[in-house]
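Peer 1: Here it is, the structure in full.
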């Protein structure tokens, strides 16, 4: 028996497989987090959530529920991309790309709404009810 045989494992160790589309996933997670933050800013400036499910979750469970909802959605999309990608790489990549593109739409809309309704206010400005009235335009959606 070879003296070095005790150093070698009897079975090859299985390396965990890396994710298939890491660049897509970084962008998807970043854009999803940005969407969450912009939604919160718009809500605090008098706007509303247009996604009925997300609006219901916000109404019932607040920010914590909304964050959990977003986390579940992001996880689900990543898992679907990985599952499909392991069966068909090209289709998985298309799904991951679609996820990034679709997630960017609400962000563009949110920045547009903030720019239209609050063109002279920096992002870090106080909530609209604490600002001088001459600086505040009409709310995006009246929640009352």
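The values are calculated or read from the model by the stated rules, or taken from the named source; none is laboratory data. None of the values given here were measured: they were computed from a predicted structure. Positions of Cβ are generated from backbone atoms using ideal geometry, with glycine treated the same way; all protein chains shown enter the neighbour counts.
Peer 1: On the given criteria, is residue 75 surrounded by 12 or more Cβ atoms within 10 Å (Cβ to Cβ), at pLDDT 90 or above and farther than 14 Å from residue 41 by Cβ?
Peer 2: no
Peer 1: Looking only at segment 59-77, decide whether some residue is part of a helix (DSSP H, G or I), over 21 Å from residue 30 (Cα atoms) and touching a helix residue (DSSP H, G or I) at 6+ places or on another chain (Cβ under 8 Å).
Peer 2: Checking segment 59-77: at least one residue is part of a helix (DSSP H, G or I), over 21 Å from residue 30 (Cα atoms) and touching a helix residue (DSSP H, G or I) at 6+ places or on another chain (Cβ under 8 Å).
Peer 1: When segment 91-120 is examined, which residues are found to be buried (at least 18 other Cβ atoms within 10 Å of the Cβ) and outside any helix (DSSP H, G or I)?
Peer 2: 118
Peer 1: Hey, any hits in segment 80-90 for a residue that's in a loop (DSSP other than H, G, I, E, B) and either modelled with pLDDT of 95 or more or surrounded by fewer than 16 Cβ atoms within 10 Å (Cβ to Cβ) (or both)?
Peer 2: yes
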